[in-house]
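S.K.: Pasting in a structure now, in structure tokens, and then I'll have a few things to ask.
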Amino acid sequence: MENKDLIASIQELRIEKKLDNVTFMVILEEVFRNALKKRYGSDENFDIIINLDKGDMEIYRNRTVVNDGEVEDENSEISLSEARKIEPDFEVDEDVSEPVKLMSLGRRAILALRQNLISKIQEVDNNNLFKKFHDLVGTIYQAEVHHVRPKVIILQDQEKNEFVLPKEKQIPTDYFKKGEVVRGIIDSVELKGNKTQVIMSRVSDLFLERLFEQEIPEIADEHIFIKKVVRIPGEKAKVAVETFDSRIDAVGACVGVKGSRIHGIVRELRNENIDVINYSEDPKEFIRRSLGPAVVSSIEINDETKKAEVFLKIDEVSKAIGRGGQNIKLAGLLTGYDIDVIREGANIIEEDDVALVEFKDEIEEWVIDEFLKIGLETARDVLKLKVEELVRRTDLEEETVVEVVEILSKELEG
């Protein structure tokens, strides 16, 4: 294989990897010099000339002419008789430069050299890929579903770059088919051996924040600022926003007329319910807003322990807590306070009623907590509702609810 043939054989890979000429020339010279070191012990007396326009490369070996019988280093010296076979007028102490053909390196060396060239090109491409996507961490990217596996989805972009979307970074209700275009945030970039692995996420709070930046012009133009985003992916999210322009309604601008602006974001997140809230520097006011749609009567906070006691009327408790405790959980994450809901008049229990906490010997504590989360604190509070309603409002199975109702009914009837 001639030099020209070898370069031509890997040009396709260079073009595929979009390697620039300068980098390609550096790789060629490095690999060839390593091959020369293995064959001759040193590459110091070799010149490598690369001409990519012609797709060719020339290697010259430089040696000094010495008298016959005085050659001590065959790599750097050549006898006078051998030199005159190249040019008959060579004299002692002159420099001889002769071309080196690949075949002189041996067949195995040529095969190894070609493999090293391919490996080096792939290594440089991998490093470039790592740097490119490392700089894009935290940005939205889209790619096409290439392969669906039980625990991960493999994606490819138009340049055939590969991405992984692990199951734990998918919205629980996500379902994708081969060929479908998926949007997510570039979550991290890792080196797995010699290969770059780009990991995408659709459950990151930052994904929702970036969607807002894309869909809401006032946020992109920095007229409205996102203070914080918290999510239960696919279920519910809260976004705190603020503006310093009195002419702008921050929440209204984000939601749009009849929800026109936020609708696309909700659809992208599999109908995730998004509450947009005006941020406030006043912790009490911020907590009040974050617990919407519930109407809060009063709030007592402890800034040292970051705890807040929120007082609500009985019919507002379930709104503040939300389905499965989602609303109060997100409000706590958004404000940074551990929020306790206190029902006004909760300490007043009718004579023929019993607080649920009194049933801890018969009903497991976590089951009682499920009822307390939705504002049901006594036996009669629970018995006022139908089994179907209790199942719907808690995370309890119907069998468990029926068992609790039987225990409570027996106590009150007895």
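S.K.: When the helix-only estimate is applied to the chain (DSSP H runs of n ≥ 4, each -39,500 (n - 2.57), divided by the residue count), what is the mean residue ellipticity at 222 nm, nearest 500 deg cm²/dmol?
M.R.: Numbers: 15 runs with 162 residues, N = 414.
After summing the helix terms and dividing by the residues of the chain, the value is -12000 deg cm²/dmol.
S.K.: When you count, for each residue, the other Cβ atoms within 10 Å and take the mean per peptide, how do 109-120, 87-98 rank with the highest first? Present the calculation step by step, with values, prior to reporting the outcome.
M.R.: Numbers: 109-120: 16.2, 87-98: 11.8.
Ranked from most to least packed, the peptides come out as 109-120, 87-98.
S.K.: Which helices of the chain meet both criteria: a Cα extent of 24 Å or more along the helical axis and a mean Kyte-Doolittle score no lower than -1.0, with helices taken as whole DSSP H segments?
M.R.: Details: long enough: 21-40 (28 Å, 0.06); 107-134 (40 Å, -0.54).
Qualifying helices: 21-40, 107-134.
S.K.: Defining a contact as two alpha carbons under 8 Å apart and six or more residues distant in sequence, what relative contact order in percent does the chain show? Please list the in-between numbers first.
M.R.: On the way: 629 pairs, mean separation 32.1, N = 414.
It comes to 8 percent, rounded to a whole number.
S.K.: Same structure again: So, in Å, what gap is there between the alpha-carbon centers of region 99-127 and region 25-83?
M.R.: Taking the Cα centre of region 25-83 as reference, the centre of region 99-127 is 16 Å away.
S.K.: Under a 5 Å amide H to amide H cut-off, with H placed in plane at 1.01 Å, what residues pair with Ile342 once short-range neighbours are removed?
M.R.: Hits under the 5 Å cutoff: Val310, Phe311, Leu312.
S.K.: Here's another thing I want to ask about it. What is the sum of charges around Asn271, taking Lys and Arg as +1, Asp and Glu as -1, for the other residues whose C-beta is under 15 Å from the C-beta of Asn271? Each step should come with its number before you reach the end.
M.R.: Working: positive: Arg202, Arg231, Lys236, Arg267, Arg270, Arg323; negative: Asp174, Glu235, Glu268, Glu272, Asp275.
For residues surrounding Asn271, the net value is +1.
S.K.: Towards the positive end of the charge dipole of the chain, with charges on Cβ (+1 Lys, Arg; -1 Asp, Glu), say which of Gly264, Met200, Val402 has the farthest Cα.
M.R.: Gly264
S.K.: Continuing with this model, one more query. Determine how many Å³ per residue the convex hull of the Cα atoms of region 281-410 encloses. Intermediate values should be presented prior to the final figure.
M.R.: Numbers: hull volume 14.2 nm³, N = 130.
That works out to 109 Å³ per residue.
S.K.: If we count every other residue with Cβ under 9 angstrom of Phe46's Cβ, Lys/Arg +1 and Asp/Glu -1, where does the sum land?
M.R.: Working: positive: Arg33, Arg61; negative: Asp43, Glu44, Asp47.
Residues close to Phe46 contribute a combined charge of -1.
S.K.: Hey, another quick one. What whole-number value in cubic angstrom gives the convex hull volume per residue for the C-alpha atoms of region 6-143? The partial results should precede the final answer.
M.R.: On the way: hull volume 18.8 nm³, N = 138.
Taking only Cα atoms, region 6-143 has a hull volume of 136 Å³ per residue.
S.K.: Using amide H atoms built 1.01 Å from N in the peptide plane, name the residues 5+ places from Lys227, or on other chains, whose amide H lies under 5 Å from its own.
M.R.: For Lys227, whose amide H was placed from the backbone, the distant partners under 5 Å are Ala240, Val241, Glu242.
S.K.: Amide H of Val96: which non-local residues (sequence gap of 5 or more, or other chain) have their own amide H closer than 5 Å, using H built in the peptide plane?
M.R.: The answer is Arg63, Thr64, Val65.
S.K.: With a cap of 14 neighbouring Cβ atoms within 10 Å, and only residues DSSP puts in a loop, list the chymotrypsin sites (Phe, Trp or Tyr not before Pro) found in region 155-200.
M.R.: Values: sites: Phe163, Tyr175, Phe176; in loops: Tyr175, Phe176.
Qualifying residues, ordered by number: Tyr175.
S.K.: Another question about this same structure. Can you check how the C-alpha radius of gyration of the chain compares to 2.2 N^0.38 Å, as a plain ratio?
M.R.: Here the Cα radius of gyration is 1.68 times the empirical estimate.
S.K.: What shape does region 121-237 take by its C-alpha gyration tensor, where a ≥ b ≥ c are the square roots of the eigenvalues and a/c under 1.5 counts as rounded, a/b above b/c as prolate, and the rest as oblate? Intermediate values should be presented prior to the final figure.
M.R.: Details: a/c = 2.10, a/b = 1.39, b/c = 1.51.
Oblate shape, in that a/c is at least 1.5 and b/c is the bigger or equal ratio.
S.K.: Rounded to the nearest 5, what % of DSSP beta bridges with both residues in the chain are antiparallel? Could the numbers behind the result be given before it?
M.R.: Values: 46 of 63 bridges.
Expressed as a percentage, antiparallel bridges in the chain total about 75.
S.K.: Quick check for me: using +1 on Lys/Arg Cβ and -1 on Asp/Glu Cβ, what's the dipole size of region 82-144 about its Cα centre, in debye to the nearest 20?
M.R.: Working: 9 positive and 12 negative charges, 137 e Å.
Dipole size: approximately 660 debye.
S.K.: While we're here: Could you go through region 160-169 in sequence order and give the Karplus-derived ³J(HN,Hα) for each residue, using 6.51 cos²θ - 1.76 cosθ + 1.60 with θ = phi - 60°, rounded to whole Hz, and x for Gly and Pro?
M.R.: With the stated coefficients, region 160-169 comes to 6, 6, 9, 10, 10, 10, x, 4, 6, 10 Hz.
S.K.: For region 360-413, rounded, prolate or oblate, judged on the Cα gyration tensor with a ≥ b ≥ c (square roots of eigenvalues), a/c < 1.5 rounded, else prolate if a/b > b/c?
M.R.: Working: a/c = 1.31, a/b = 1.17, b/c = 1.12.
Here region 360-413 falls in the rounded category.
S.K.: Reachable lysines from Lys384, Cα under 24 Å, same-chain residues fewer than 8 places away excluded?
M.R.: Partners within reach: Lys313, Lys319, Lys360, Lys373, Lys410.
S.K.: I need the shape label for region 26-95. Rule: rounded when a/c is under 1.5, else prolate if a/b > b/c, else oblate, with a, b, c from the alpha carbon gyration tensor.
M.R.: Numbers: a/c = 3.66, a/b = 1.78, b/c = 2.06.
The shape class here is oblate.
Coordinate-derived values only; no laboratory data. In this text the structure is predicted, and so the values were computed from the model without any measurement. Quick reminder, even Gly has a Cβ in these numbers, built from the backbone with ideal geometry, and neighbours come from all protein chains shown.
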